[in-house]
Structures are given as C-alpha cells and as structure tokens.
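The values are calculated or read from the model by the stated rules, or taken from the named source; none is laboratory data. Being a predicted model, the structure only gives us computed values, none of them experimental. Quick reminder, even Gly has a Cβ in these numbers, built from the backbone with ideal geometry, and neighbours come from all protein chains shown. Remember, those area values only see protein heavy atoms, side chains included, never the ligands or the DNA or RNA. Shrake-Rupley method; radii C 1.70, N 1.55, O 1.52, S 1.80 Å.
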Amino acid sequence: MKLRLCHLYPELLNLYGDRGNILVLCRRAEWRGIAVEVTPVSLGDKLDPQGYDLIFLGGGPDQEQGVASADLLAKGPWLKEAVEAGVALLAICGGYQLLGEYYRTGSGETLPGAGLFAAYTEAGTRRLKGNIAIQVEELEVDRPVIGFENHGGRTFLQGARPLGRVIYGDGNNGSDGTEGARYKNAVGTYLHGPLLSKNPHLADYLLRLALQRRHGEVELPPLDDSLEFAVNEAVYRRFLPTKGKW
Ligand code: GLN
C-alpha cells in the first residue's frame, strides 16, 4: 500500500509550521508500514486529478495568496474532479480561503477562489488571532481539535458544512460559531500549529479518508499517542476560558 500526497504551492503557502502536517501524515503512515510519496505541485504544473490520495495546501499572506489564486483558477477544475472522485484534501487558512468562492483582501482586492467550498471570505478590520479549540463530530476519539489561528479574513459558509463547532477562539468569522468547511473528503480549516501534530485523532481520520478510495476501509494499527494527547490536553486546558466539556 502506498500513500500519495500532493503538496500544492509548498514555497508559497506555508505559515506557522503548516508543512509539518505533511511530515505528520508521512510518519504516521510509515509507522504502519505504508510507503509514502510526496509530490510538490506549483505554479504552472499540471495536477493529475487521479494521481493522489490527499492534496494539501497551507496558509499564506495576502500577497502570496494573490500569486497562488491566479494559478488556482487553472487548476480548479482538476481539484474539483479529484474531490468529486473522493480524493482527500486538507487546506489551512489562506489555502482554505482560496478554495471558497472568493477572498476579498484588506486592501480591497478580490481574489477569485476555486469554488470547491460554498463559502466566501472578506477581510475585517481586526485580525482574528489566538489559540482555538473546536469540536469535530466525526472523530473516533472524543477529544477537541486544537490549534492557533491568525487571519484577517472572515469566512461565511453559504451552504457548506462546517468542519466543526468553536469551543473557544474565533473560527470562520468570530460570530457564528462555525469553524472550517467540509465537502466530501475535503477539509478546510483556520487551524495552524501545525494542526496534525497536536491532533493525532484528526491525522488518522484524514489518513483513513485518503486511503479508502483505492484500498477500501483501512484498519490503521493504533500508535502510542500518549505524548500527543498529553499536549492536546495541556494546551486545551491552558487556554480554556471557562470549564468546558473536556
Ligand atoms: N492572508 C489571509 C488572512 O489574513 C490568510 C492568513 C493565513 O493563512 N494565516 O486572512
């Protein structure tokens, strides 16, 4: 079995350790004896819709997003074809914004999105930044997903399903309690960190989604995640404003 990862715009979209998500997916697959191949795909490259099990995009400043956005217009139909066929996708912050309908930046420029998520993003006056915890229903382990967010854009879902509900932090827009978006096996989220290092339950969920299209239901042998969950717990509690569910 082989896991084929596509890293979209690695040199443009990579904030707050986003590249670490690729490393986490690689290690967690390799520890289970699954071979991994990571292919960087960038400006002007073709994206083979059938060529990957999971596509990853990190976050980025507005300027880099502008460069990626022009290229994403050409790649949009390939991305959509891949996701419609069940390919998994993880997009963080700036990458997530570019997969919606559009992102209007703080300087008033409108960057067209790939239209994968029924959502749009517009910059607000204050940046939404800080530690964030969300609840994601689909996960097998009943633990929050934690991370760090720093975005000027506010995302409003227009029929897209959120990835989760905000426990604390701002999430999509700081007002409606939603965080991220989900369409088929594609996930968009504002959580940096890198996201998957502190959330092994989400990492394995994505690995299973990625592998199931070509290999059916895959049983991933459990790993010793005691350290990772200790970090998850410690960070969650450290920033918890009031007593919460966990
Ligand atoms: N430039 C975008 C914003 O400020 C995305 C930032 C990010 O990826 N952290 O909203």
Run the numbers for Val36 and Asp176: contour at 0.36 nm per residue of separation, minus the present Cα-Cα distance, in nm. 46.6 nm
Explain nothing, just compute: Karplus ³J(HN,Hα) = 6.51 cos²θ - 1.76 cosθ + 1.60, θ = phi - 60°, for every residue of the stretch 122-137 in order, whole Hz, x for Gly and Pro. 9, 5, x, 7, 9, 7, 9, 9, x, 7, 9, 10, 9, 10, 10, 4
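Please give the FRET efficiency for Leu240 paired with Arg19, using the beta carbon to beta carbon distance and R0 = 35 Å, rounded to the nearest 0.05.
Details: r = 28 Å, r/R0 = 0.81.
FRET efficiency, Leu240 to Arg19: 0.80.
Taking N as the number of residues in the chain, what is its Cα Rg relative to 2.2 N^0.38 Å?
On the way: Rg = 16.8 Å, N = 246, 2.2 N^0.38 = 17.8 Å.
For the chain, the normalised Cα radius of gyration comes out at 0.94.
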Quick one: order Asp224, Asp204, Asp48 from most to least accessible surface, probe 1.4 Å. Asp224, Asp48, Asp204
Tally up the carbon and sulfur contribution to the accessible surface of the stretch 1-49 as a whole percent, 1.4 Å probe, everything protein left in place. 56 percent
Cut-off under 25 Å on the C-alpha distance; same-chain residues fewer than 8 positions from Lys2 excluded. Which lysines are left, in chain and number order? Lys46, Lys75, Lys80, Lys184, Lys198
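Given a 1.4 Å probe and every protein chain left where it sits, what share in percent of the accessible area of the stretch 57-185 is carbon and sulfur?
Numbers: 2340 of 4890 Å².
The value for the stretch 57-185 is 48 percent carbon and sulfur by accessible area.
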Please list 35-44, 145-154 highest first by mean number of surrounding beta-carbon atoms within 10 Å per residue. 145-154, 35-44
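Please give the per residue accessible area of the chain, computed with a probe of 1.4 Å over protein heavy atoms only, in Å². Can you show the working numbers first?
On the way: 10170 Å² over 246 residues.
Ligands and nucleic acids excluded, the figure is 41 Å² per residue.
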Enumerate the amide H contacts of Val41 below 5 Å, restricted to partners 5 or more residues apart or on another chain; note that Pro and chain-start residues carry no placed amide H. His7, Leu8, Tyr9
Can you give me the Cα centroid spacing of the stretch 25-70 and the stretch 196-222 in angstrom? 17 Å
Nearest 5 percent is fine: what portion of the DSSP beta bridges confined to the chain is antiparallel? 55 percent
Determine the calculated [θ] at 222 nm for the chain from helices alone, applying -39500 (n - 2.57) to every DSSP H run no shorter than 4 residues and normalising by the residue count; nearest 500 deg cm²/dmol. -9000 deg cm²/dmol
Enumerate the amide H contacts of Tyr102 below 5 Å, restricted to partners 5 or more residues apart or on another chain; note that Pro and chain-start residues carry no placed amide H. Gly113, Thr121
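Determine Rg/Rh for the stretch 92-160; Rg is computed over alpha-carbon atoms and Rh is the Kirkwood hydrodynamic estimate from the same atoms.
On the way: Rg = 13.4 Å, Rh = 13.1 Å.
Reported Rg/Rh (Cα atoms, Kirkwood Rh): 1.03.
Which order do the peptides 193-203, 8-18 come out in when sorted by mean C-beta neighbours inside 10 angstrom, highest first?
Numbers: 193-203: 24.4, 8-18: 21.1.
Ranking, from highest mean packing down: 193-203, 8-18.
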Which one of Pro200, Leu98, Pro61 has its Cα pushed farthest toward the positive end of the charge dipole of the chain, where Lys and Arg give +1 and Asp and Glu give -1 at the Cβ? Pro200
Would you pull out the residues with amide H under 5 Å of Gly60's amide H, same chain only if 5 or more places away, H placed 1.01 Å from N? Gly94, Gly95
Evaluate the charge dipole of the stretch 1-77 about its Cα centre and quote only its size in Debye, nearest 20, assuming +1 on the Cβ of each Lys and Arg and -1 on the Cβ of each Asp and Glu. 400 debye
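Give, rounded to the nearest 20 debye, the magnitude of the charge dipole that the chain has about its Cα centre when Lys and Arg contribute +1 at Cβ and Asp and Glu contribute -1 at Cβ.
Working: 27 positive and 30 negative charges, 76 e Å.
For this selection, approximately 360 debye.
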In debye, nearest 20: dipole of the stretch 77-182 around its Cα centre with unit charges on the Cβ of K, R (+) and D, E (-)? 320 debye
